[in-house]
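Working notes for the structure below.
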Amino acid sequence: MENVKKGIQYVVYALIFVQIGLGIYWIFRNFMNIPCFGDSTESIKLSESLQIDEYRTILYPLILKVAIAIQNRIHIPFQVLIYIGQFVLSFASIYYTCYVVLSDGKDSPKCTKLIIYTLGIITIPIINFLNFTILTDSLALSFLLVILVQIIKVWKSNKVRAGDVVLLAIAFLLEALMRADRIYSCTLFLVVYSLIQLAKHVDWKRFAIVVAVILLTAGSAFGINRQTQTKGLYNRVETNLDFILLDRVVWPNMADNYDDFSNEIKATISFKEAAKFDEHNNNVMYYLAPKVEERVGKERASQMYREMAKVVWKNEPGKVILDTAKCFLGFLFPHTNAYLSYRGWTETNNGWNLHCWSMVTPQLSDWYFHYYTFVFGIVLFAVAILVSIIRLTVLKDKDYAHYMKKLLPYFWMAVLICAWFSLGDGAPPNDRYVTLCHLVWNLFIYGTLVDLHNVKK
């Protein structure tokens, strides 16, 4: 049995090292490139004026503006400065997370194992790609990891340390100024997590301090965003609840339910337009919604979205629920879903992502991405699930059970993010939004298939 266990460990380490090698080589070949994402172009343009609408936040354009100013002085390309900063913060936050997850409060994990785990996670293709792309996602993951580590430390420590609370507040503020949606998801998670810990420990003083800091930080971020945003500046469609219903419920079911819409809706939207609307999720925001608002006004358009959603829900509730569930599972298991999508069995938005990241090294990027999705998303993930069941039920491994419990906060935050995107958007899963899921599942794989000598109950 001991030889089998060591054999599994050596195989896992070998596979991790292959991924690390592919990841480093990809960085070497793509370091100077700016992938052709529309969001990247928009962020660079916004950095010139710092004039943003309700869809963007000020922090990333401001960072780009500073990087471009430095470029003009020392003649180092601004993207190089951004990439170095994103990579350093990503490495530090992942290392910090691994350290906390693998520590038991007494013994520290070996530095070698921490570095291997960190390199294994940071070279996950989607995380690696985002570290070298002009997008908010890399920094958003780094700040989110610090938030999760700090809220756990605040509640698990014997006493509240000012440094832990301050770092939590700073990370939360930066996260909310990087991505506006995180004000809501992070606040919800932090408050609920604190309530659960309060129920366990009944520490009202600690609870009051933590919640006060959370709400004050969220309020500050909300205020800064509102002061720096100009609503409707670029005449984009407002994403209110009615629009979300159009995106999540009506798309891609408009043509199938067209006959049951009111005459007013049919007079506003032709069947041809309804059929085109169903062809691609981008047609929700950039094709149909602007047309409807132009024809009947924003207020009446919102009412129509709601009316159409009621019809679709009445006719096809099962399909809407199934589509939402498939989207949620695709977000929650992104590495597995990516491979299944590659085989044509599911749907994702990874095709465009991979296209952007493959501009310089198409073959290398393809091999690298699909090596990870197959090896870690299918083979090792399946083996880890089986071994996990054995360790928890047959062997009753208490140390391993303790490790799984330490991963739970990260897992539940990942679930919340997946629910946020699957309920609020009808588009196929996009790995950019759920990098935390990749991190959680890789820590699960590593912790299940590699000995955890430093984790004790």
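The values are calculated or read from the model by the stated rules, or taken from the named source; none is laboratory data. This is a predicted model, so every value here is computed, not measured. Please note: Cβ atoms are built from the backbone with ideal geometry, for glycine as well, and neighbour counts cover all protein chains shown.
General remarks:
- Residues (β-branched (V, I, T) and modelled with pLDDT of 95 or more) located in segment 184-208: T187, V191, V192, I196
- Applying the criterion of being surrounded by fewer than 15 Cβ atoms within 10 Å (Cβ to Cβ) and not in a helix (DSSP H, G or I) to the residues of segment 56-81, the residue that is farthest from the chain's Cα centre (by Cα) is H75.
- Verdict on R236 being out of contact with any Phe, Trp or Tyr (no Cβ under 9 Å at 6 or more places or on another chain), basic (K, R) and either surrounded by fewer than 16 Cβ atoms within 10 Å (Cβ to Cβ) or touching a residue at least 12 places away in the same chain (Cβ under 8 Å) (or both): no
- Verdict on I84 being within 26 Å of F369 (Cβ to Cβ) and either surrounded by 16 or more Cβ atoms within 10 Å (Cβ to Cβ) or touching a residue at least 12 places away in the same chain (Cβ under 8 Å) (or both): no
- Checking L102, L130, L188 one by one, the residue that is closer than 18 Å to V434 by Cα and either in contact with a strand residue (DSSP E or B) (Cβ under 7 Å, 6 or more places away or on another chain) or surrounded by 21 or more Cβ atoms within 10 Å (Cβ to Cβ) (or both) is L130 and no other.
Here's the yes/no breakdown for (1) crowded, with 16+ Cβ neighbours inside 10 Å; (2) closer than 17 Å to P125 by Cα; (3) not assigned by TED's automatic domain parsing to the domain that holds L102:
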position: G377; (1), (2), (3): yes, yes, no
position: A382; (1), (2), (3): no, no, no
position: L392; (1), (2), (3): no, no, no
position: K398; (1), (2), (3): no, no, no
position: Y403; (1), (2), (3): yes, no, no
position: V415; (1), (2), (3): yes, no, no
position: A427; (1), (2), (3): yes, no, no
position: R432; (1), (2), (3): yes, yes, no
position: F444; (1), (2), (3): yes, no, no
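- Number of residues in segment 386-400 that are closer than 24 Å to T336 by Cα and touching a residue at least 12 places away in the same chain (Cβ under 8 Å): the value is 5.
- Of the listed requirements (1) under 17 Å from E175 (Cβ atoms); (2) surrounded by fewer than 19 Cβ atoms within 10 Å (Cβ to Cβ), C36 misses just one: (1).
- Residue count for segment 40-55, restricted to those that are surrounded by fewer than 17 Cβ atoms within 10 Å (Cβ to Cβ) and either acidic (D, E) or more than 24 Å from I183 (Cα to Cα) (or both): 6
- Odd one out for Y342, checked against (1) assigned by TED's automatic domain parsing to the domain that holds D425; (2) within 30 Å of N263 (Cβ to Cβ); (3) of a type in the set (F, W, Y): (2)
- Lone qualifier among L46, L102 - being at negative phi and at pLDDT 95 or above: L46
- Of all positions in segment 426-440, none carries a residue that is part of a helix (DSSP H, G or I), without any contact (Cβ under 8 Å) to a residue 60 or more places away in the chain and charged (D, E, K, R).
- Conditions (1) crowded, with 18+ Cβ neighbours inside 10 Å; (2) modelled with pLDDT of 95 or more; (3) among the hydroxyl-bearing types (S, T, Y); number of the one not met by Y371: (1)
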